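The values are calculated or read from the model by the stated rules, or taken from the named source; none is laboratory data. Computed from a predicted structure; not experimentally measured. Neighbour counts are summed over all protein chains in view; Cβ atoms, including those assigned to glycine, are modelled from backbone coordinates with ideal geometry.
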Amino acid sequence: MSSLAAAHTSPLVSVVVIGRNEGARLRLCLQSIAAMELDGFRVETIYVDSASVDGSLALAQSYGAQVIALHPRRPTAALGRNAGWRAASGSLILFLDGDTILHPRFLADSLSEFALPEIAVVWGNRKELHPERSVYNRVLNLDWVYPPGFTSFCGGDALFRRDVLAAAGGYDETLIAGEEPELCRRIAALGYRILHLDRPMTLHDLAITRWRQYWKRATRAGHAYAEVSERFRNTASPFWQAETRQNRNRVVMLLSILLAGVAGSFGLLNPVPLLAALLLLALLALRSAWKARWKSQDAIAILLYGIHSHLQQLPIFVGQLQYRWTRSKGEHVALLEYK
């Protein structure tokens, strides 16, 4: 078979990259796409930009990407991804965030998974590019670790069948977070499955170095829990309602322990009640760390992750309250950016 004929018969994969002022991170992302191993397939790259002011559009064009410029009043990742896959020509769509680096073999090793017609989404492992740069990066690196197998959702980096995206109607563009699990819920309702592979997929540059960034990221997660669970509240397939209740109950428990310790120490003029409360909180964190020990061999990271699993509950709960407050006023929260 001639090379021209092979080009017409080999499958086309459309790589859709979304970004907003990613700067040097976007350059690394585009370089990784250009460096991937094309083993029996072709690639087109589409970059969707949400009102960047750092030259991202020109940078993407210099790498041969088709560029789509959006200027939405309320930018969301869902808007960018929808614009990208709807302009794509491939039967498979690989979504990447502009702050990620694609593993050169992920596509070549993963396309065969779609031999099963019920597989609609395939995703692999994401890891932090620089976990050593901050305690936040080191801990949140473990947030990306999931067991392999069939899952109820995927992350932002994932490989989709284009026809299934069309059948499901794409991403919900009104969501500022949680758009991937919400879409996966609708895809599963169509009878398809989401498969997580124990295979390197992307490196990610979280770039969280300050407490304020950590807090905003967690409040965004809380907003997503509240909004997505509300969407499915009165359906035959409720989603994230247990998580929203669990978050509320854990915040009440943790604050009750701490306040009881403070009140006891002030009332008795004795530090023992407060020390006992802090010891109980430490034991809860150690319990969470022990349950998460399968995620990493880095003992310090696991211990910090145990603390993080409880500490994040407060900003997550605040995010839930923010969503319900703005919803009660008939308003929408703007994009919550933490970078």
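Among the residues of the stretch 147-168, the ones that are within 12 Å of the chain's Cα centre (by Cα) and either in contact (Cβ under 8 Å) with a residue 40 or more places away in the chain or not assigned by TED's automatic domain parsing to the domain that holds Arg199 (or both) come to 5 in all. Looking across Tyr146, Tyr136, one residue alone is part of a helix (DSSP H, G or I) and closer than 25 Å to Ala289 by Cβ. It is Tyr136.
Do we have any residue at all in the stretch 41-50 that's of a type in the set (S, T, N, Q), touching a Pro at 6+ places or on another chain (Cβ under 7 Å) and buried (at least 19 other Cβ atoms within 10 Å of the Cβ)?
Looking through the stretch 41-50, at least one residue is of a type in the set (S, T, N, Q), touching a Pro at 6+ places or on another chain (Cβ under 7 Å) and buried (at least 19 other Cβ atoms within 10 Å of the Cβ).
Restricting the stretch 291-335 to residues that are part of a helix (DSSP H, G or I) and of a type in the set (D, E, K, R) leaves a set whose member that is surrounded by the most Cβ atoms within 10 Å (Cβ to Cβ) is Lys295.
Looking at Leu165, is it at negative phi, part of a strand (DSSP E or B) and hydrophobic (A, V, I, L, M, F, W, C)? Here the answer is no, as Leu165 does not meet what is asked.
Considering (1) touching a residue at least 40 places away in the same chain (Cβ under 8 Å); (2) not in a strand (DSSP E or B), the lone condition that Glu180 does not fulfil carries the number (1). In this structure, Arg245 qualifies as surrounded by fewer than 22 Cβ atoms within 10 Å (Cβ to Cβ), free of Cβ contacts under 8 Å to residues at least 24 places away in the same chain and under 26 Å from Gly306 (Cβ atoms). Within the stretch 180-227, the set of residues being small (Gly, Ala, Ser) and more than 28 Å from Ile119 (Cβ to Cβ) comprises Ala207, Ala218, Gly222, Ala226. For residues in the stretch 200-233 being outside any helix (DSSP H, G or I) and basic (Lys, Arg), which is farthest from Ser134 (Cα to Cα)? Ranking the qualifying residues of the stretch 200-233, first place goes to Arg233. Going by the conditions given, is Ser256 assigned to a helix (DSSP H, G or I), surrounded by fewer than 16 Cβ atoms within 10 Å (Cβ to Cβ) and outside the structural domain of Asn141 (by TED's automatic domain parsing)? Against the criterion (assigned to a helix (DSSP H, G or I), surrounded by fewer than 16 Cβ atoms within 10 Å (Cβ to Cβ) and outside the structural domain of Asn141 (by TED's automatic domain parsing)), Ser256 qualifies.
Answer yes or no as to whether Ser112 is surrounded by fewer than 22 Cβ atoms within 10 Å (Cβ to Cβ) and free of Cβ contacts under 8 Å to residues at least 12 places away in the same chain. When the stated conditions are applied, Ser112 passes them. Taken over the stretch 184-199, the criterion of being in a helix (DSSP H, G or I) and surrounded by 17 or more Cβ atoms within 10 Å (Cβ to Cβ) is satisfied by Cys184, Arg185, Arg186, Ile187, Ala188.
Inside the stretch 227-242, can you point out the residues that are hydrophobic (A, V, I, L, M, F, W, C), touching a residue at least 40 places away in the same chain (Cβ under 8 Å) and over 24 Å from Ile307 (Cβ atoms)?
Result: Val228, Phe232, Phe239.
Among the residues of the stretch 259-275, those that are exposed (fewer than 15 other Cβ atoms within 10 Å of the Cβ) and either among the small types (Gly, Ala, Ser) or more than 23 Å from Ser288 (Cβ to Cβ) (or both) comprise Ala263, Phe266, Gly267, Leu268, Leu269, Asn270, Pro271, Val272.
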